[in-house]
1. Would you confirm whether any residue within the stretch 240-255 is touching a helix residue (DSSP H, G or I) at 6+ places or on another chain (Cβ under 8 Å), surrounded by 15 or more Cβ atoms within 10 Å (Cβ to Cβ) and assigned to a helix (DSSP H, G or I)?
2. When the stretch 355-395 is examined, which residues are found to be over 30 Å from residue 91 (Cα atoms) and touching a helix residue (DSSP H, G or I) at 6+ places or on another chain (Cβ under 8 Å)?
3. Just to check your reading of the model, which residue among 355, 363 is touching a residue at least 24 places away in the same chain (Cβ under 8 Å) and over 22 Å from the mean Cα position of the chain (by Cα)?
4. Return yes when residue 157 is over 15 Å from the mean Cα position of the chain (by Cα), over 25 Å from residue 105 (Cβ atoms) and surrounded by fewer than 18 Cβ atoms within 10 Å (Cβ to Cβ) and no when it is not.
5. With (1) buried (at least 16 other Cβ atoms within 10 Å of the Cβ); (2) without any contact (Cβ under 8 Å) to a residue 60 or more places away in the chain; (3) touching a helix residue (DSSP H, G or I) at 6+ places or on another chain (Cβ under 6 Å) as the list, and residue 58 as the residue in question, which single condition is left unmet?
6. Of the residues in the stretch 1-50, how many are assigned to a helix (DSSP H, G or I), under 30 Å from residue 213 (Cβ atoms) and in contact with a helix residue (DSSP H, G or I) (Cβ under 6 Å, 6 or more places away or on another chain)?
7. Under the condition of being part of a loop (DSSP other than H, G, I, E, B) and free of Cβ contacts under 8 Å to residues at least 12 places away in the same chain, which residue from the stretch 366-395 is surrounded by the fewest Cβ atoms within 10 Å (Cβ to Cβ)?
């Protein structure tokens with residue numbers, strides 16, 4: 001394939017921008033560690049949608065990573081691609097536990113090893129590499145992806161039984177709900193993203209890659225994406241209405257129509273439920289269709305973030321945490337207090353119950369995105385002009 005699908009970079013770029021909003025809220029919002037923004041008993045519509053809109057980020061990132069793998073398979077030897085994916089996936093996992101863990105915690109002693117989205121992407125890449133090395137067919141990869149995404153909520157049945165106790169293996173493979181497990185030496189693993197369902201999402205993204213080949217004209221691709229996206233949203237609405245399957249928490253009528261709607265779309269991300277993925281991937285496909293033929297200055301900016309996604313991800317975590325640290329000391333706190341608070345919260349220089357209003361969060365978010373744009377633009381141009389440097393493909 002000799003051309004690049006611009007809509008993929010645009011939508012991925014939008015996801016990266018929205019991701020920064022969620023992380024600014026994590027570090028700087030006054031209620032970030034004292035209240036759940038999706039709790040309908042305490043939240044406001046503004047806070048709810050600030051959190052909910054970022055539900056799109058991980059599905060977009062993982063799904064389009066799968067699509068990119070398929071497109072790479074058109075120009076690379078299958079075994080060569082498999083080895084690359086295994087190496088790149090392993091690098092993502094190492095980066096999660098080192099560079100990214102340090103950015104989240106600012107703890108140079110590495111007492112906490114997070115299993116977050118980069119871990120999920122990395123482990124899924126390794127699995128995809130192994131599947132390609134085993135020469136699995138396109139149809140089998142598609143089938144495995146559907147089984148993982150559609151079937152993993154069957155595990156909610158035993159999980160909901162009275163007295164059920166999840167252990168490490170269960171949390172590692174299915175729940176991923178923020179469980180912390182000691183590994184010795186005052187060190188812990190922090191399980192957030194259970195990878196199997198995300199591997200399924202990557203498989204589905206890989207399978208969708210066929211629509212981005214030269215066999216599909218832009219108009220034909222747009223029509224297919226519109227139909228698939230609409231189908232997923234209708235599927236979500238129909239299944240969600242029944243409360244029979246696809247999410248561990250039922251929706252229920254609330255105090256008014258708006259909050260009833262919020263309950264209806266409040267689906268589980270940890271682990272990513274079938275309904276969560278039907279809704280977010282349906283919207284993702286509609287976004288890909290919408291940006292199929294849109295080219296302007298705004299989409300050009302989105303593309304820069306989309307083409308430098310991992311580079312941007314690392315930088316934005318450090319920048320946001322540095323800003324939070326500045327606020328910490330500006331409020332008169334001392335280093336000794338930071339260490340003391342770290343006994344309750346593993347993120348240095350963050351105090352539960354202190355922070356900015358939602359308006360302040362949006363202001364910092366815009367500032368973070370603007371500050372990082374020149375760096376991402378430089379890196380994008382550097383990658384384009386130095387394709388001979390092998391290490392660039394890992395960042």
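The values are calculated or read from the model by the stated rules, or taken from the named source; none is laboratory data. Quick caveat, the model's predicted, so the values are computed rather than measured. With ideal geometry, Cβ positions are generated from the backbone for all residues, glycine too; neighbour counts draw on all protein chains shown.
1. Yes, because at least one residue in the stretch 240-255 is touching a helix residue (DSSP H, G or I) at 6+ places or on another chain (Cβ under 8 Å), surrounded by 15 or more Cβ atoms within 10 Å (Cβ to Cβ) and assigned to a helix (DSSP H, G or I).
2. Within the stretch 355-395, 355, 356, 358, 360, 361, 362, 364 meet the criteria.
3. 355
4. Here the answer is yes, as residue 157 does meet what is asked.
5. Exception for residue 58: condition (2).
6. Result for the stretch 1-50: 13.
7. 388
Listed here are the residues, each with its yes/no results for (1) assigned to a helix (DSSP H, G or I); (2) over 30 Å from residue 347 (Cα atoms); (3) touching a residue at least 40 places away in the same chain (Cβ under 8 Å).
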residue	(1), (2), (3)
79	yes, yes, yes
86	yes, yes, yes
95	yes, no, yes
104	yes, no, yes
109	no, no, no
120	yes, no, yes
123	yes, no, yes
